[in-house]
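A.B. asks: Sending over a structure as structure tokens; questions will come in a sec.
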Amino acid sequence: MAVLTITKDNFENEVLNSDQPVLLDFWASWCGPCRMVSPIVDEIAEERTDIKVGKINVDEQGELAQQFGVMSIPTLVVMKNGQIANKAVGAMPKENILALL
């Protein structure tokens with residue numbers, strides 16, 4: 001499945017009301033570690049049909065970043081049934097990201 005661009009406008013529909021777990025990647029274009037994690041997140045989105053994967057640009061979606069208490073990026077958040085099930089900060093290998101799910 002393709003990676004979704006999550007905004008405050010589609011957040012409720014795509015994340016809170018999702019019947020699948022959602023992996024959210026909080027990122028910014030100027031963030032080096034984010035650029036390292038991004039292709040891994042894209043790969044997971046292509047491989048896993050049982051989850052949704054969304055990316056949230058913290059520069060464009062400050063409200064969502066604030067709502068999740070994102071202080072450092074990249075921050076990865078796993079949402080299940082509209083609740084935060086897991087959260088991790090910083091670049092990490094694919095195995096660690098999959099372990100969050």
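The values are calculated or read from the model by the stated rules, or taken from the named source; none is laboratory data. This one's a predicted model, so the numbers in the text were calculated from it and none came from an experiment. Cβ coordinates were reconstructed from backbone atoms using ideal geometry, including for glycine residues, and neighbour counts include every protein chain displayed. Accessible surface is based on the protein model in full, side chains and every heavy atom, while ligands, DNA and RNA are left aside. Shrake-Rupley method; radii C 1.70, N 1.55, O 1.52, S 1.80 Å.
A.B. asks: Would you mind calculating the relative contact order of the chain from Cα pairs under 8 angstrom and at least 6 residues apart, reporting the percent as a whole number?
C.D. replies: Once normalised by length, the contact order is 37 percent.
A.B. asks: Given the -39500 (n - 2.57) contribution per DSSP H run of 4+ residues, what per-residue ellipticity at 222 nm results for the chain, rounded to the nearest 500 deg cm²/dmol?
C.D. replies: Taken over the chain, the calculation gives -8500 deg cm²/dmol.
A.B. asks: So for each of 87-99, 67-79 I average, over its residues, the number of other beta carbons within 10 Å; can you give me the resulting order with the highest mean first?
C.D. replies: By packing density, highest mean first, the sequence is 67-79, 87-99.
A.B. asks: Let me ask something else about it. Using a 1.4 angstrom probe, figure out how much accessible area the chain has per residue, in square angstrom, rounded to the nearest whole.
C.D. replies: With the other protein chains kept in place, the chain gives 53 Å² per residue.
A.B. asks: Let me ask you something else. I need the peptides 51-57, 9-15, 39-45 ranked by packing, meaning the mean over residues of other C-beta atoms within 10 angstrom, with the highest value on top.
C.D. replies: The peptides rank, most packed first, as 51-57, 39-45, 9-15.
A.B. asks: Still on this structure, I have one more. Roughly how many percent of the accessible protein surface of the chain is carbon and sulfur, given a 1.4 Å probe and a whole-percent answer?
C.D. replies: So the carbon and sulfur contribution to the accessible surface is 49 percent.
A.B. asks: Translational diffusion coefficient of the stretch 38-101 at 37 °C, 0.692 mPa s, Stokes-Einstein with Kirkwood Rh over Cα pairs, in µm²/s as a whole number.
C.D. replies: 263
A.B. asks: Please give the length that would be gained between Leu98 and Arg35 if that part of the chain were fully extended, namely 0.36 nm times their separation in residues minus their C-alpha to C-alpha distance (nm, one decimal).
C.D. replies: 20.9 nm
A.B. asks: Post the alpha-carbon centroid distance, the stretch 28-93 to the stretch 1-26, in whole angstrom.
C.D. replies: 10
A.B. asks: Here's a follow-up. Any idea what the alpha-carbon Rg over 2.2 N^0.38 Å comes to for the stretch 1-69?
C.D. replies: Dividing the Cα radius of gyration by 2.2 N^0.38 Å gives 1.07.
A.B. asks: Further, regarding this structure: For Ile84 and Met1, FRET efficiency with R0 = 25 Å and r from the beta-carbon atoms, rounded to 0.05?
C.D. replies: 0.75
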